[in-house]
1. Can you pull out every residue in region B:489-506 that is in contact with a Pro (Cβ under 7 Å, 6 or more places away or on another chain) and surrounded by 14 or more Cβ atoms within 10 Å (Cβ to Cβ)?
2. Within region B:444-468, track down each residue that is away from chain A (no Cβ under 14 Å), in contact with a helix residue (DSSP H, G or I) (Cβ under 7 Å, 6 or more places away or on another chain) and closer than 20 Å to B:S486 by Cα.
3. Is it true that B:I347 is more than 14 Å from chain A (Cβ to nearest Cβ), in contact (Cβ under 8 Å) with a residue 40 or more places away in the chain and buried (at least 19 other Cβ atoms within 10 Å of the Cβ)?
4. State which residue is nearest to B:E843 (Cα to Cα) when the search covers only region B:656-689 and only residues that are at pLDDT 80 or above and small (G, A, S).
5. Just to verify a result, which residue in region A:65-90, among those that are part of a loop (DSSP other than H, G, I, E, B) and within 14 Å of chain B (Cβ to nearest Cβ), is surrounded by the fewest Cβ atoms within 10 Å (Cβ to Cβ)?
6. Out of all the residues in region A:104-126, which are within 14 Å of another protein chain (Cβ to nearest Cβ), surrounded by fewer than 14 Cβ atoms within 10 Å (Cβ to Cβ) and not charged (D, E, K, R)?
7. Name the residue, out of B:V881, B:V845, that is under 19 Å from B:S541 (Cα atoms) and either outside the structural domain of B:K744 (by the TED database) or not in a loop (DSSP other than H, G, I, E, B) (or both).
8. Give B:H455, B:H473 a once-over and let me know the one that is part of a helix (DSSP H, G or I), under 16 Å from the mean Cα position of the chain (by Cα) and in the same structural domain as B:Y500 (by the TED database).
Amino acid sequence: MLPFTVYFSPDVFFPQNYPLYIRSVPSQNELKFHYTVHTSLDVVEEKVSAVGKSLADQRELYLGLLYPTEDYKVYGYVTNSKVKFVIVVDSSNTSLRDNEIRSMFRKLHNSFTDVMCNPFYNPGDPILSKAFNGIVSGMMVQTS
Amino acid sequence: MSVPDYMQCAEDHQTVLVVVQPVGIVPEDQFFKIYKRIASVSQVSIRDSQRLLYIRYRHHYLPENNEWGDFQTHRKVVGLVCITTCGAAKDWPQTAERFHGQKEVYSSTLYDSRLLVFGLQGEIAEQQRTDVAFYPSFEECADVERRVEDFVESIFIVLESKRLDRATDKSGDKIQLLCVPFEKKDFVGLDTDSRHYKKRCQGRMRKHVGDLCLQAGMLQDALVHYHMAVELLRAVNDFLWLGAALEGLCSASVIFHYPGGTAGKTAARKPSISQPADASKRHRPGALTANGISADTSTEIGRAKNCLSPEDIIDKYKEAISYYGKYKNAGVIELEACVKAVRVLAIQKRAREASEFLQNAVYINLGQLSEEEKIQRYSILSELYELIGFHRKSAFFKRVAAMQCVAPTIPEPGWRACYKLLLETLPGYSLSLDPKDFSKGSHRGWAAVQMRLLHELVYASRRMGNPGLSVRHLSFLLQTMLDFLSDQEKKEVTQSLENYTSKCPGGMEVITLSDGLKLPPVPFTKLPIVRSVKLLNLPASLRPHKVKCLLEQNVSTASPFIYSPIIMHNRGEERCKKIDFQWVQGDVCEVQLMVYNPMPYELRVENMGLLTSGVEFESLPAALSLPAESGLYPVTLVGVPRTAGNITVNGYHTSVFGVSSDCLLEGLPSVKTSGCLVEVIPSLPRLQLSTSLPRSAHTPQPMSKEQLSSSVSVQLFNGEEQQLTITLENIGSEDIESLELTSKTVNTKDKVFGRFLSWDLEEALRHLPLKPGQTVTLSISIKVKLDFSGQENLLPDLNDDGISVTGLPISSPLRQLLKPRAENKAVSSESGKAEYSHIKTLEAVLNFKYTGGAGKVEGYYRELSLGVHVDVEPSVFFTRVSTLPATSTRQCHLLLDIFNPTEHELTVSAKNSKDLVLHPSECQRLAIQVDKFDFESLPQLYQEPASFSSPKQLEEERQHAQGCQINSKLDICWSIISLQSDYRDCMVA
């Protein structure tokens, strides 16, 4: 199992997407996941813009499965301020259903909110929070 | 059929395929010139009907693809145009033979053919043939287009006849079974009489007729036929052909819905949009109906029913593709269908669904592909992703294509192509090759992926044999990705950079690639990082001063007001630029940078210098070595302005790892600067002084150390006089034309009697102008006369003897001693701490103002100051004064009780008296016979009443004069033998 989580800075303030936090196990061959997540942004943007036209406000944050590749499934989540979360899991992992992924995202979102509440955190900087790291590690252990 | 045509789009289904080929020897450029002219005839309006025939031209077409012509008629080569050259009539038969040979290749499908012969001079014996046209040269062929139109019309006639033939064929009992190449062997020995077989034949034929109708410009009929074909084929589970029928249906609907075409880029189709025929097609679709019969409403209703809605098109495409997917041999068809569907979706702006089609296309296995085909496939995927706005995905595939160009299996890797493709991926990864885009704000894009790409660019450019490019890319990598590189990576990158630069040093020039792309220079503003830039003033002794009156003039011209908010505002703007001191032409000027090294190892910066504009400036480069992860580190860059004017410090240049870079301050918002513009005034001379006395560390209190170029110190007994010899040397390059000397006594609480410092400048001034290298000496006498009278507590208690020089105010300690004690107390408490140390200090500053050269003309001068520090020790004290009448009435004896506070033996001598030797701390009486005189009779020698404003001053001056008078009468001197000093006593003065 491999959860691979990434957080993007909000589109609203920083038009250039760049990762705030990346974590993967196993850590080898990480570049491949960089590519996977990077290309998944295309789909995220497409989904967000498609929804944005009809229901600007009442948007479901969870985007669901972005696209399946041969070995992995890529899930996406976008907050109202356009911060993007992406989770990549091994497609052979059947224990993870939509609901589990959804709750993982919710947890991440909560934790991310805590990070943003930290007065010493400068929005746009890479996330170095230990608490946040702990949450992510916890999820990775739990799902593996 | 193995080679997919990735450029295909849905509307290609309505075109007829014409192959244009050279026969024999035809120059390539001439061929393509003619080909282009032929290809310009892409649609022909058929006479007597309002139909349009679309033609697709190919100059290369595989015969095996032609075999799929029955399956989809637009794959069928129906026309052949051959281009050839024929110099002489005798060559004609041979040329004609070749043409016929070429026709053979496509003979099974060909409707008609033409041969264009160029270069033939003279006549051909043979009779005129309709399928051959002769042109004298490639230039003189004005009617090529018209001939092609004729040719197309003849194709149309055949097409139309075939269509009518097939369409009415259904009454016949036996329908030929159409099949694709790989099916042929499957039908061997099949029962041809079964209902199933018949239905299959019917269905396939319907589909074929639909294709023909579509090509013949009868959209409505085509739709009807396709619908029927779908029904028939669905019933017999003939999936491949069902797919084809569905795709045909989709194509026809797409053509109806999107008359502008879906290919988007194809230039040849573009003009058709503006053509009236097309416009009529859109607005009055009925005009195009079958057989040129004008439309009625019923057909219009029928069309709307038969035509698929945009959503249905996609569903049907999906279905068709899924049917194609069942056949391994139909991979190319499936792939092309996917591409066509994507183009349609791109028009509909349904990117996500399009990406699903593309995702599917990626997985279609076409068997063994050559490397070139793989590259083509990845490139086209990338293009399609770009089309639907998936820039990242597009970049990803482009990069894969680039990597494919240099795959290890390829014997001759195409590094050039790889590099070109990699460059095209840059925007997808939000990378640009201009470091300015990365200089401000947070980082853009995905660093990990960008780094990888840059590494690949570096490697590709190196393998291309262009080390200059590698250096540029590597510099860019180091400059923009520094924050993301690990320590190990930093080391590796810098090492390889040094390797490259040893062959090809990096510079600041713009590299222009062969395709016109410009690579802007990459200045290393982060190696080292500069935090602040500060221009330093010259040292105090070299600072130029403006002559006062000129300065005042300047102020008055600026504004008549002391304060004005408008001017303040203007100054505020100016302040950030202009600095309020001046540099001097020809003198070394300094700029201080605060730098630090972000690298985990020592950073060697070579050839670091200033970049300036405004005046000619000779920068003296410095080399520095910054320790690993150093903190802020001051670096002073120096230079010499060679001309006068305003100089602007624009930035600095460095050479790091063999890459020289010019870092401009305006591009570095993080650099703090207090201004970069400074005035350079014309050159001034420089003076150096040396003295006969030892230097001292003392500085007079109100002056800071910086202001004094040097200072001397000396210890003197009260009343002692010493000569100070000052040697002035002109060490500059200009003549010293004027010299002024002033002195200022500082820090005096005690009253100094007489002149403390005295000199004669006349002698020195005679040497002016002082040429460079010349010296002049000046002697200054230091004379200390201080009043130590406040220190009576050192002395034995004095009893007033009651006898005195009565009524005479004597300007001496004596006088004060004779006064009531109360007054003395006040004085002693005032003179404070100095009492206890016995030593008093005197300090003065000698100021040399000098100027010369061009700077003098501009009204500038320089100041050199010398601090003089004198420690004064008390010498002799007169503890008591009394008089005794002498033998003569005109004379009297003056009795002085003299005390020696020094630690040396002291001899006191006076006029008319023998020497008196005083041991340390001894007190003796000296008797001197003097003539009596009256103070009142003293001439008012050097008193100018006007110069003394107050009575007190007047009194002091009078006392001074009286003291002089006494002094001249008595002429008391003391000397310390052990020190061999012999000085006049000034105490009484």
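The values are calculated or read from the model by the stated rules, or taken from the named source; none is laboratory data. These figures come from a predicted structure and were not determined experimentally. Methodologically, a virtual Cβ is constructed for each residue, glycine included, from the backbone with ideal geometry; neighbour enumeration extends over all protein chains shown.
1. Within region B:489-506, B:K490, B:Y500, B:C504 meet the criteria.
2. B:L457, B:V458
3. yes
4. Of region B:656-689, the ones at pLDDT 80 or above are B:656-665, B:677-688.
If we keep only those that are small (G, A, S) too, we end up with B:658, B:660-661, B:683.
On the way: B:G658: 56, B:S660: 53, B:S661: 53, B:S683: 33 Å.
Checking each candidate, the answer is B:S683.
5. Applying the filter and picking the extreme gives A:E70.
6. A:N122
7. Result of the check over B:V881, B:V845: B:V845.
8. Step by step, each of B:H455, B:H473 is checked, and only B:H473 is part of a helix (DSSP H, G or I), under 16 Å from the mean Cα position of the chain (by Cα) and in the same structural domain as B:Y500 (by the TED database).
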